[in-house]
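The values are calculated or read from the model by the stated rules, or taken from the named source; none is laboratory data. Quantities reported herein were computed from a predicted structural model and do not represent experimental measurements. Here the Cβ positions follow ideal geometry from the backbone for every residue, glycine too, while neighbour counts run over all protein chains shown.
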Amino acid sequence: MSGFIIARDADDHEEKGTSWQTIDLNFKRASYSGEFSWPGRIEDVRLFIELASDELLPLDKQGLGSSEAFGLIHDSLSAANNEDGSIVRLVVPQDRGFIVRSDILSQRLLDCPPVKKVVDFSKPLQTFSGEPISIDSIQALPPALVASVGAILLTTPNSARFPTSESLLSALDLELHNRLSFTWLSTETLTRQTLVLLDGGLRSPDYGGTGESIYLAAEALGIDMVVLDYPGHWLNEPRYRHWYKEFIPFDTPLHPDAGYASRIVEVVRSLSGHVDGLVTLRDQYKVAVAEAARQLGLYTEPPSALGISANKFKTSVAAGHDVFQASSAQQAVELVREHNLDFPLIIKPCNGFLSEGVFRAENVSDLESGVRGINTDRHGLEFALEKYCDGPEVDANLVLCDGELLFCEISDDFPKSADANGQGSVRTFIELANVLPSKLPESELAILRDSLHHDLLHMGFQNGFYHVEARVENSSMEYATQNNILDLVERTTPAKDKPPSSWLIEVNARPPGIQESEAIRYTYGVDYFGLALLFGLNSRQRVKQLSVPFLQGPQYWCEMVFIPVDKGGVFHSADVCKELFDRHPDLALHVSKSFCFLHHGDTVPDPGTGVNAWVAYFNVFSRESRAHVLEIADRVRQEVRFSIV
């Protein structure tokens, strides 16, 4: 934990970063009419402050500063309809500046134990004066709400953890210190900017896409989005029209040709109005978008660096591996014999994604069948061939700014079914489980952090967000099953007479998938998609501010439980997440996010075709221990029910 002293009085909080004032509002029912009932629609609710017997002060969204503030007062009064009443805490900035992200309060208070609801009041890029607020009468309530970034409705004191209102408020004091101890106001003038996004998202939110993560972050950051994607894209549905400024029909092929960058330049130059940035979150477009950005005079990382990270063979070469490239099983076998390569070996498409076409070969026969298993229509003919590293695998997410490592978070990527120690019926490298924070010793985490940072710099990167996969060769840890639970343990036999080292697998110059991005957003308070958009605008100061995790690190242990498709056919189940929670509501209490990717009647590809897919995911958490989260996750995995016929 960070060692600095916090000084505060009854109202003000002088934290590391932006300071703030809190105002607590206690709502209690003073009288009650048995004939009263709340209207069904909030639009039909009228609220007043009774100043005197014949004088009423209306409380409406204009006077309170926003419809969100009005809704908060309504919810607080509704929640006060019991003997304990309800408590609301306002957060008022005591510094002058621009809000770096309008939903900062709700973002940082995700899964906060004493909190029932968080409401953001601030508008994107809103300025705050930093003037203190005092409430010496009920009439001062509206100005206090206007000056606040948002409000927190506390849960009802009814448990052993929070038996009284005082215990709730004390817990919230500690949580706010932990979660808001960073600079969330900017002294730099912030203005709306326009960002062009190539590829608006493969899947709609109905099918577990990243749309909400991208476009809601853009809205909170004050970014106007211009989207380039194919005609008829799901963003064209009326319900998503408010997510972007403009949609431009544009070809988004799986394999872009040599002239793709020029066509991007042409369409961006045809736009009316100023463009501040150009970005894509799809790996196959990274190089073309970077080349286009350079031609347009917009910020980008070097196309040469992105060309390395987008190609698995070039990535391994940059990492110093003895790696070979082939385009057929015959070539691969010849390389094995010519260079006396020892098995096991790993093969992976140079332009692969979703861990498709990745195979571990124990012999020549495995090698030949693995090459045949690559879906060349999706990944092309070329594949990389190198030794298989059997050390513990990790996911590492790194944020670089001017070459400096701002943030590095590492999680344990549990063995896939195709690993030497893997479990599961389908022999692929699709993710099955990922646990954070990592259990690896600090010394090995430091090796990973420093080595992966060096790898990125060596490739030519200086700024950006990078989702990296790696292993620890000669680790002091290994996976073993104890009490029917798989986890990292100290090795039973020492590793080779070599120290632990980092073994780079791949580099993705983008955030990880929705499962992992959401897990980190909840666990550490850092939103990867928001950072990716800011990098597209070269907004480095806001990147630095929003790359700060919670002061005390992760708020709990978290396991991402992936439910993979095990065979092809037609999905004959409903929402497996809802069905599980209906049967086991106790499990729902330990899941921060979940989603079922398949709908009843969907056709599901067979893993044997070289296409990987998941049925659902669950982000499971525990504040008790890593062992506890593993136990809960194992129950979730065992209790999921679905049918593919």
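Assorted remarks:
- Scan of the range 149-174 for residues that are of a type in the set (G, A, S) and assigned to a loop (DSSP other than H, G, I, E, B), ordered by number: S159, A160
A quick yes/no check of all residues on (1) touching a strand residue (DSSP E or B) at 6+ places or on another chain (Cβ under 9 Å); (2) within 22 Å of R378 (Cβ to Cβ); (3) without any contact (Cβ under 8 Å) to a residue 12 or more places away in the chain; (4) not β-branched (V, I, T):
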{"residue": "D322", "(1), (2), (3), (4)": "yes, no, no, yes"}
{"residue": "Q325", "(1), (2), (3), (4)": "yes, yes, no, yes"}
{"residue": "N340", "(1), (2), (3), (4)": "no, no, yes, yes"}
{"residue": "N363", "(1), (2), (3), (4)": "no, no, no, yes"}
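- In the range 289-317, of all residues being within 23 Å of H458 (Cβ to Cβ) and small (G, A, S), the one that is surrounded by the most Cβ atoms within 10 Å (Cβ to Cβ) corresponds to S309.
- Residues (closer than 8 Å to A261 by Cα and among the β-branched types (V, I, T)) located in the range 281-296: V289
- Consider the range 606-625 and keep the residues that are aliphatic (A, V, I, L, M) and in a loop (DSSP other than H, G, I, E, B). The one that is farthest from the chain's Cα centre (by Cα) is V611.
- Residue within the range 570-579 that is out of contact with any strand residue (DSSP E or B) (no Cβ under 7 Å at 6 or more places or on another chain), without any contact (Cβ under 8 Å) to a residue 60 or more places away in the chain and either among the acidic types (D, E) or closer than 23 Å to V645 by Cα (or both) present: yes
- For the range 86-115, a residue qualifies if it is more than 30 Å from S539 (Cα to Cα), buried (at least 18 other Cβ atoms within 10 Å of the Cβ) and not basic (K, R), and the qualifying residues are S86, I87, V88, P114, V115.
- E404 satisfies every condition listed in (1) over 25 Å from F324 (Cβ atoms); (2) touching a residue at least 24 places away in the same chain (Cβ under 8 Å); (3) not basic (K, R) except (2).
- Within the range 100-143, considering residues that are touching a Gly at 6+ places or on another chain (Cβ under 9 Å) and among the β-branched types (V, I, T), the one farthest from T156 (Cα to Cα): T127
- Every condition in (1) modelled with pLDDT under 85; (2) surrounded by 12 or more Cβ atoms within 10 Å (Cβ to Cβ) holds for M1 except the one numbered (2).
- Filtered by the rule that a residue be over 17 Å from Y207 (Cα atoms) and polar (S, T, N, Q), the range 222-253 gives a lone residue, T252.
- Of the residues making up the range 573-613, those that are of a type in the set (G, A, S) and either surrounded by 13 or more Cβ atoms within 10 Å (Cβ to Cβ) or at pLDDT 95 or above (or both) are S573, A574, A588, S592, S594, G601, G610, A613.
- Within the range 241-270, restricting attention to residues that are in contact with a helix residue (DSSP H, G or I) (Cβ under 7 Å, 6 or more places away or on another chain) and hydroxyl-bearing (S, T, Y), the residue that is surrounded by the fewest Cβ atoms within 10 Å (Cβ to Cβ) is Y244.
- Any hit, the range 590-605, residues being in contact with a helix residue (DSSP H, G or I) (Cβ under 6 Å, 6 or more places away or on another chain), in contact (Cβ under 8 Å) with a residue 12 or more places away in the chain, assigned to a strand (DSSP E or B) and not polar (S, T, N, Q): yes
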